[in-house]
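Okay, so here's the structure we're looking at.
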Amino acid sequence: MTRQHTVRQTQAILTDAHTLAATIVDALRHLDDGTGGYKSGHDSNGTGGSTVERQAEAHETAPDIAAEALVTLLDAIRRAVGYLHTASAISQRWGTWAVGGADLRERLAAIDAGIWCQNCLPLGFKNPRSLKGTLCSFCAQFQTDFKRPAPREIIDIHVTYGRVHMNDILRILKRIDAERKEARRATKTGGKMSEPVAQRDGRPA
């Protein structure tokens, strides 16, 4: 095995890790649904919704196939964690002294910055970028559908539940727009906000 081959293998590991991080939430949800014989995806209101809402095409999954896949997935992740931790520890021990601690931190920071979605990261979420572009697939599609970045609350729902219903998206965006409008009005009138927004923000009206 050549050194170049080892480097290529390491790069392949990083690509696989990106793929795993980007799909694991939906995969686990669909596998859980599949082991019970349920459909793995659906629209919230049965009307089709936007592209953001359609996270996966509804399909039936044989329970035994889903159960076997789930066991294999969890076992592979468990093994990978152990092996990668060992390899990382050895590489760090023998590589840091040559690279230098400061240079290593810069390299790690550069890799970290290049992995995560540019919209999610400042909001406290680490979702991998899509293969092309600087946004994760969810934020990129949200930007296309709504012509604005996905806000923190909507990303949080997507990360937690794997999907966001259209009614929730519209409700949250409407509230955010109202709050911004009220904030601009307060700025023009000397900082006094109307009672609902002021109370919601924890400030006296």
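A few points about this structure:
- Residue pairs whose Cβ atoms lie under 7 Å apart, separated by 6 or more positions or on different chains, with the first residue in the range 154-177 and of a type in the set (D, E, K, R) and the second at pLDDT below 95 and surrounded by fewer than 18 Cβ atoms within 10 Å (Cβ to Cβ), are Asp168/Ile157.
- Matching residues in the range 62-87 - criterion: being without any contact (Cβ under 8 Å) to a residue 24 or more places away in the chain and of a type in the set (A, V, I, L, M, F, W, C): Val71, Leu74, Ala76, Ala80, Val81, Ala87
- Answer residue from the range 157-179, given it is charged (D, E, K, R) and surrounded by fewer than 16 Cβ atoms within 10 Å (Cβ to Cβ) and is farthest from Ala27 (Cα to Cα) among those: Glu179
- The number of residues in the range 143-192 that are within 23 Å of Leu121 (Cβ to Cβ) and of a type in the set (Lys, Arg) comes to 5.
- Of all residues in the range 148-192, those satisfying the criterion of being within 18 Å of Cys136 (Cα to Cα) and in a helix (DSSP H, G or I) are Arg152, Glu153, Ile154, Ile155, Asp156, Ile157, His158, Val159, Thr160, Tyr161, Ile169.
- Cβ-Cβ distances below 7 Å connect the following pairs, each with a first residue in the range 9-30 that is basic (Lys, Arg), a second residue that is surrounded by 12 or more Cβ atoms within 10 Å (Cβ to Cβ), and a separation of six or more residues or different chains: Arg29/Gly162.
- Residue match in the range 38-58 (condition: modelled with pLDDT under 80, in a loop (DSSP other than H, G, I, E, B) and more than 19 Å from His165 (Cβ to Cβ)): no
- Number of the exception - Arg79 against (1) charged (D, E, K, R); (2) under 20 Å from Thr23 (Cβ atoms); (3) surrounded by 10 or more Cβ atoms within 10 Å (Cβ to Cβ); (4) at pLDDT below 90: (4)
The values are calculated or read from the model by the stated rules, or taken from the named source; none is laboratory data. Quantities reported herein were computed from a predicted structural model and do not represent experimental measurements. Note that we place each Cβ from the backbone using ideal geometry, even for glycine, and neighbour counts take in every protein chain shown.
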